[in-house]
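Please read the structure below before turning to the comments.
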Amino acid sequence: MIENNCVFCKILKGEIPSVKVFEDDKMLVFKDIEPKAKVHLLAVAKDHFKLLEEADEKGRGLVSYMLFKIPQIAKENGLENGYRLVINQGDDAGQTVFHLHIHILGGETLPW
Ligand code: AMP
Ligand code: ZN
C-alpha cells in the first residue's frame, strides 16, 4: 500500500526525484539527501508501514529480503570494508520519515 502524504511513497512513485542505486520489485535504494557519512544510502520497502511492529506478513518478508540483499548492494557501492545498518523506530530514535527504511552508512570509519 502507498500513502499519499509520505515522502518515501512519493519517491517510490517518482513524484520526488532521488539518486537511485538499486531497485527491484521489493525495495528501492537511493542516496540520503543529508548524508551522515561519506556513503549514506536508504533502503526503502515498497510497502508503506511505519514501524517493525506494524509490519504484516508481507512487510516482514520485505524486511527480511532487504536485510539479506543489502550486503550485495553495499559491495556494489564501495562498502567492502564494512558498513552500519540503522533502523530508527519512533520519536526517541529521531525517526522523521514514517515509512520503514534501513540506513546504510559507511565509506569511512564510523564514530559510535
Ligand atoms: P529517519 O530519521 O530514520 O526517519 O531517516 C529519514 C532520512 O530520510 C533522513 O536521513 C533524511 O535525510 C532522509 N530524507 C528525507 N527526505 C529525503 C529525500 N527527499 N531524498 C533522500 N533522502 C531524504
Ligand atoms: Zn510511505
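The values are calculated or read from the model by the stated rules, or taken from the named source; none is laboratory data. Source: prediction; values computed, not measured. Methodologically, a virtual Cβ is constructed for each residue, glycine included, from the backbone with ideal geometry; neighbour enumeration extends over all protein chains shown. All accessible areas refer to the heavy atoms of the entire protein, side chains included, with ligands and DNA or RNA removed. Shrake-Rupley method; radii C 1.70, N 1.55, O 1.52, S 1.80 Å.
Kindly indicate whether any position in the stretch 57-78 is more than 19 Å from residue 12 (Cβ to Cβ), in a loop (DSSP other than H, G, I, E, B) and not hydroxyl-bearing (Ser, Thr, Tyr). For the stretch 57-78, residues more than 19 Å from residue 12 (Cβ to Cβ), in a loop (DSSP other than H, G, I, E, B) and not hydroxyl-bearing (Ser, Thr, Tyr): present. The residue of the stretch 32-53 that is surrounded by the most Cβ atoms within 10 Å (Cβ to Cβ), among those that are farther than 22 Å from residue 4 by Cα and not β-branched (Val, Ile, Thr), is 41.
Looking at the stretch 82-89, is at least one residue in a loop (DSSP other than H, G, I, E, B) and among the β-branched types (Val, Ile, Thr)? Checking the stretch 82-89: at least one residue is in a loop (DSSP other than H, G, I, E, B) and among the β-branched types (Val, Ile, Thr). Say we look at the stretch 25-50 and pick out the residues that are within 13 Å of the chain's Cα centre (by Cα) and among the acidic types (Asp, Glu); which of these is nearest to ligand 2 (Cβ to nearest atom)? That would be 47. Annotation note: of 105, 100, the sole residue that is in contact (Cβ under 8 Å) with a residue 40 or more places away in the chain, within 26 Å of residue 5 (Cα to Cα), touching a Phe, Trp or Tyr at 6+ places or on another chain (Cβ under 9 Å) and crowded, with 16+ Cβ neighbours inside 10 Å is 100. Is the stretch 51-58 home to any residue that is within 15 Å of ligand 2 (Cβ to nearest atom) and within 18 Å of residue 84 (Cα to Cα)? Checked against the condition, which is being within 15 Å of ligand 2 (Cβ to nearest atom) and within 18 Å of residue 84 (Cα to Cα), the stretch 51-58 yields no hits at all.
When residues in the stretch 21-31 are screened for being exposed (fewer than 12 other Cβ atoms within 10 Å of the Cβ) and either within 15 Å of ligand 1 (Cβ to nearest atom) or assigned to a strand (DSSP E or B) (or both), 0 of them pass. Report yes if residue 11 is in contact with a Ser or Thr (Cβ under 6 Å, 6 or more places away or on another chain), open to solvent by less than 50 Å² (accessible area, probe 1.4 Å) and not in a strand (DSSP E or B), otherwise no. Judged against the criteria, residue 11 is a match. Contact map, the stretch 32-54: residues that are in contact (Cβ under 8 Å) with a residue 40 or more places away in the chain paired with residues that are open to solvent by 20 Å² or more (accessible area, probe 1.4 Å) and of a type in the set (Val, Ile, Thr), Cβ distance under 6 Å, separation 6+ or inter-chain. Pairs shown: 48/2.
Looking across the stretch 54-79, the residues that are more than 16 Å from ligand 1 (Cβ to nearest atom), more than 20 Å from residue 32 (Cβ to Cβ) and open to solvent by 80 Å² or more (accessible area, probe 1.4 Å) come down to 56, 57, 58, 60, 68.
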